[in-house]
Amino acid sequence: MKPFYQFLLITSLLFASNIFARPLPVENFKYKKEITIPSKSSENSIVKVLLDDEFYKHSFYGDLRLAKNGEIVPYRIQNAEEIDKYTEKLKPELLFTKKDDLEIYVLELPKLPEGMSYTKLTVSSSYDYETSITLKLGDNPDNFSESKNVFLYKYGSQTSGEIDLGNTKFRYVRLEVENGSNLKFPSVTRSKENKNLYFEKTHQVPNPILEENSVFFSFPNENQSSFQKIKLSFEEKKWERMITVRGKINKKEWETVFQGTISHDEKEGNYSEIPVTSTLNSEFTIEIEDGENETLHLKEVITIQPLEEILFFTDSMSKGANYTLYYGNPYQWSANFDPYTYPSVEDIRLKTPIEGKLSKEVENPDFGYNLIYPPVSGYITTTLFYLGIFTLLIFIFFILKSKRLVAKTSV
């Protein structure tokens, strides 16, 4: 009997490993990209990978999947930023202090240049202490609109020493502290703000098609450049019009991706920006309703695609593993991962991610829809549904027919 129990144990372990492995049905995805990770990456690393234009051309966004040796890897997606590491420390001005039941400090921070924000406030004391602080931020001493609680300490040479201000532009700080802390504020740190990354494409403005109360423009978008925003520039500097943008979703059916009234004033610059509800990568049209007004003269059209990146964990067991990005399935549902299985904002703050790179796009040689996944599963379900109805109708027909025969024979 002993070999029999060993066989059962091995079988159960294999079955359990299949449950926890969560293999990805890679045959459901038409395209794939290999991911190259630096060989010098440390154990338990965070990897970030910038998505490129090829991905946006053939992805349906919700169909993005990441696999390690064929197994699903949870990921987080976010807008990519250009991180500026320039910082400077300045001395805040102490406007007011009061030491009673509570110690109260009001600070004024120096004026901010364009494109910068405050990130940290340095705190010091001549004595050891631990205290809870109520921190308030505002535009002026009469109006503090943000508030949070902070715990600080100093035990000999060990000290927390800094208060995280986030990325605030508020210049006035009020601190309410337990009595006896005797705090000082030697410096405040300000940093340049990170810039969102994106790519732009300028489209040649075609000849307008004049209609009864509107003007119509058609853009072929031959390069299949994907975008989520459109910038329009007109010769006229001040105007208000109803604008409709339509695009081919999945390169098949036309769909309205924006419709609304846009107002523009020369103080707002040369461009008016229009968001679209779905990422487009094929031809699109712009219709401008003039009504009884003079026709506007469209001068320039620029499409914008914000760049995004995915972040995921690797570990010491992943050395030599093949990471692959799969996409290209309009029927695939969006990913839904446990938030503890991919890097959080706090994880990224504590550990700098290493950068992986995407290879060139290739068609997946294993592509072919699985029977248990859409769209084939939908076709099967629909067929079975109508087959069931047809069978039921035949069954009802024979019942009614037999009742008629019984009625005739009884007469």
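Just so it is clear, none of the values below were taken in a lab; they were calculated from the coordinates. Predicted model, so just to flag it, every value in this text is computed and none were measured. Cβ placement follows ideal geometry from the backbone for every residue including glycine, while neighbour counts extend to all protein chains displayed.
Hey, which aspartates and glutamates would be in cross-link range of K238, C-alpha to C-alpha under 14 Å, not counting anything within fewer than 8 residues on its own chain?
Straight-distance partners of K238: D265, E266, E268, D290, E294.
For a 24 Å ceiling on Cα separation, which of these pairs sit above it: K85/K351; K91/K267; K89/K195?
Numbers: K85/K351 15 Å; K91/K267 36 Å; K89/K195 21 Å.
Exceeds cut-off: K91/K267.
Let me have the 222 nm mean residue ellipticity of the chain computed from DSSP H runs of 4+ only, each contributing -39500 (n - 2.57), with the sum over all residues rounded to the nearest 500.
So the calculated ellipticity at 222 nm is -5500 deg cm²/dmol.
Let's see if you can work this out: charge +1 on each Lys and Arg Cβ, -1 on each Asp and Glu Cβ, no other charges. What is the dipole magnitude of the chain about its Cα centre, in debye to the nearest 20?
Roughly 1940 debye for the chain.
Straight-line reach only, C-alpha to C-alpha below 20 angstrom: list the lysines that K252 could link to, leaving out same-chain residues fewer than 8 apart.
Those lysines meeting the cut-off are K30, K57.
Could you order the peptides 298-304, 210-216 from most to least packed, using the average number of other C-beta atoms within 10 Å per residue?
298-304, 210-216
Between the range 319-340 and the range 222-253, how far is it from one alpha carbon centroid to the other, in angstrom?
What the calculation gives is 31 Å, centre to centre.
Between the range 29-84 and the range 158-179, how many Å separate their Cα centres?
37
Can you match semi-axes √(5λ) of the Cα gyration tensor in Å to one of these, (1) 28, 25, 22; (2) 31, 23, 19; (3) 53, 39, 25, based on a calculation from the structure here?
(3)
Would you please put 33-39, 308-314, 381-387 in order of how densely packed they are, using the mean number of other Cβ atoms within 10 angstrom per residue and starting with the highest?
Going by the mean number of other Cβ atoms within 10 Å, highest first, we get 308-314, 33-39, 381-387.
Relative to the first principal axis of the alpha-carbon coordinates of the chain, what is the inclination of helix 376-410, with its axis defined by its Cα atoms, in degrees from 0 to 90 and to the nearest 10?
Taking Cα atoms only, the helix is inclined about 40 degrees.
Could you give the length gained by full extension between K401 and L210, i.e. 0.36 nm per residue of separation minus their alpha carbon distance, to one decimal place?
Working: separation 191, 0.36 × 191 = 68.76 nm, distance 6.50 nm.
The span from K401 to L210 would gain 62.3 nm if fully extended.
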